[in-house]
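Trainee: After the C-alpha cells below, expect a handful of questions from me.
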Amino acid sequence: MDSRSCPWNTARFLLLAALVPVFQAQTVTVDDSLSGFIGTSVILRCTFINNDPKIKITQVTWQKATNGSKQNIAIFHPSMGVSVLPPYQDRVSFKKPSLNDATIELSRLELVDEGVYICEFATFPTGNRENQVNLTVFARPLIDAELSPQTIIARADHPRKLVVATCTSANGKPPGSITWETKVNGETIVKESRNQNGTITVTSQYLLVPSREAHRQPLTCVVNYQMDRTTKVLMLNVQYEPEVTVEGFDGNWYLNRENVRLTCKADGNPPATNYNWKMLNGSLPVNVEPQNNTLLFKGTVSYDLAGTYVCEATNAIGTRSGLVEVNITESPQIPSPDKGKVSVTEGLDGSKNGHNILIGAIVGGVVLVLLVGVIVFIVLRKRRQTFKGDYNTKKHVFGNGYGKAGVMPPGQQPIPYQEESDEEKKLSSMNVSYENERKVIQDGADFDTDSKRPYFTVDESDTQEEFDDQTLSFQYPPDLTEDMVSQNDGSIISKKEWYV
C-alpha cells in the first residue's frame, strides 16, 4: 500500500463517520399507499424532518417513475417559486408550499395517473433525500341492463332457449361481478373483455325458454363492485297465443228463459283482436247474434239452442279456441240447500278432517258409555223390584211347594250365609239355571211347560194358612216340589243347593 494515500483515506473515513448521525436525523415522510377513482382527487403528503440546523434545503421536487426513469411533475424553489410541468399543469397544486412540506393535490384522476410517485428534498451539504408512494387508480364500472331487442315469443310447438336480457358492467377496474335474481328458470352466459386503458368490461346474458308464465315476471341484474351493490330490474315481456275460455253457461238454461249470453275470454299477449263464433257440428241458430267476444241469444231459450259453441280468438302470434257445451232443460234446476257449501273433505286440509274424526270418536265413546250405564241401571233396578227381603230370609212359592231360608232338613246343620257380590250373584244365577235345566231333563219333566208356570213371592209375615190359600191350583210332581226351590228369576234349584 502507498503510504502517501493513508492520510487521505483516514480523513475520508472520519468524515463519513461524522455524517452518519446527520443522515439519520434527516427523514422524508410519505403515505404507505394511495388509491382513488377516476375523476376524483387524491392528496400526496410529503414532509421533511431535519434535526440539524446546519443542513440547508435548497429545493423540493415531485417526480413519477416511468419505464425506469423519473419524470418531473412539480417543483418548489425558495426564490423561483412553484413550477408545474405538463401534462399536470392544471391538475397538480402544492397545498402549503415550503421547504419542510411538499404535499400536493392531484385532481381529476385518470387511469394513466396510476404509478409510483417520488418526493425529493435537495439539501446541502448532504445531498438529496427522497421517499416514494404507490398510487392506484380505480375505475367504477358503468352498469346497464336491457331486454333483448328481439321479440320474445312463447311457442308451445317449438320451444327453444332465447336470450331475453343482457346486463353489462363496462370499463371497470377491477371488474364487477354480475348475478341474476328471478323466479324464472334459466341460465347465464358471462363474457369478459380487457380494454386498452386497462379496464375490464363484463357482459352477462340471461337465457330461458319463453312461456306464458314468464310474462310480467321481474328479472333483476345485480352487480357487485368492491363494497357497492347495484341492481337493475327488468320486466319480462313474453308474447303468446290467446288462451281461450267460454263463460256464461251456468248449467241452468231452461225453456223460455231470457237474457242469456256467452262471453269469450282470451288471455293473450298482445290482446286478441278478432273473435269468431261457430257451432262444433253445424251452424249457429238463427236467433243468435255474435258481437265481437260476446254471443247474444235473442228471445227466449228453446231446445234449438242446445249444442257445443266454439270461440276462436286471434292475436298477432296466432289463433286458439275454447268451447262450451250447452244443455237445455224443461224447467229450472233448483239448487240443493247444501250446494256451494264446503264439506270437511272438500276445500279443507287433511289436518282439519282428522280433527273432526277424532272429535266424533270421542263423542261416540261418551254416548256408548252413557248407554251402557243406563242399561245397567235399569237391570239392577228391575232386580231390586223383583226380589223382596234378603238372601238370608228367602221364601219362594212354586206350585204348592215352598222353601224357606233357615228351615233345615232333618239331620243337617245350618251353614252361615255370606253376602254375595253382584258379580257372584250373576255367576250363581247362570250356574243355577244350567243345573235346573240339566236336572229337569234328567228327571224327565216337561221343562218347556213347567217354565211357563207362574210364581209369586211371599213375605216373611205370612202364616202357613195364608200361604195355603194362595197355593196355585196346578201342582208339580211330588218329587220335584219336595226337592226343588224356585228363584225370583223363574228358575228352580234343589234344596241341597239352596242351603249350600
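Trainee: Based on the Cβ-Cβ distance from Met235 to Lys96, what FRET efficiency comes out when R0 is 45 Å, to the nearest 0.05?
Mentor: The computed FRET efficiency comes out at 0.20.
Trainee: Kindly give Rg over Rh for the range 28-125, based on alpha-carbon atoms, with the Kirkwood expression for the hydrodynamic radius.
Mentor: Taking Rg over the Kirkwood Rh, I get 0.97.
Trainee: What would the Debye formula give as log10 I(q)/I(0) at q = 0.24, 0.30, 0.32 Å⁻¹ for the alpha-carbon point model of the range 198-247, no solvent?
Mentor: Log10 of I(q)/I(0), two decimals: -1.01, -1.22, -1.27.
Trainee: Can you give the FRET efficiency for Asn259 and Asn185, using 1/(1 + (r/R0)^6), R0 = 41 Å, r = Cβ-Cβ distance, to the nearest 0.05?
Mentor: According to the calculation, E is roughly 0.30.
Trainee: Once phi is turned into ³J(HN,Hα) by the Karplus curve 6.51 cos²θ - 1.76 cosθ + 1.60 with θ = phi - 60°, what whole-Hz value does each residue of the range 111-128 show in order, with x for glycine and proline?
Mentor: Taking θ as phi minus 60°, the curve returns 4, 6, 6, 5, x, 9, 10, 10, 9, 10, 10, 8, 10, 9, x, 7, x, 8 Hz for the range 111-128.
Trainee: How large is the Kirkwood hydrodynamic radius of the range 177-269, counting all unique pairs of alpha carbons, in Å?
Mentor: 17.7
Trainee: Long-range amide H contacts for Ser93: which residues qualify at under 5 Å (H placed 1.01 Å from N, peptide plane, sequence gap of 5 or more or a different chain)?
Mentor: Glu105
Trainee: Order 81-89, 46-54 from most to least packed using the mean count of other Cβ atoms within 10 Å.
Mentor: With the highest mean Cβ count within 10 Å placed first, the list reads 46-54, 81-89.
Read the figures in this text as sums done on the coordinates, not as results from a lab. Owing to the predicted nature of the structure, the values given are computational and were not obtained by experimental measurement. For neighbour counting, all protein chains shown are included, and Cβ atoms are generated from backbone atoms with ideal geometry for every residue, glycine included.
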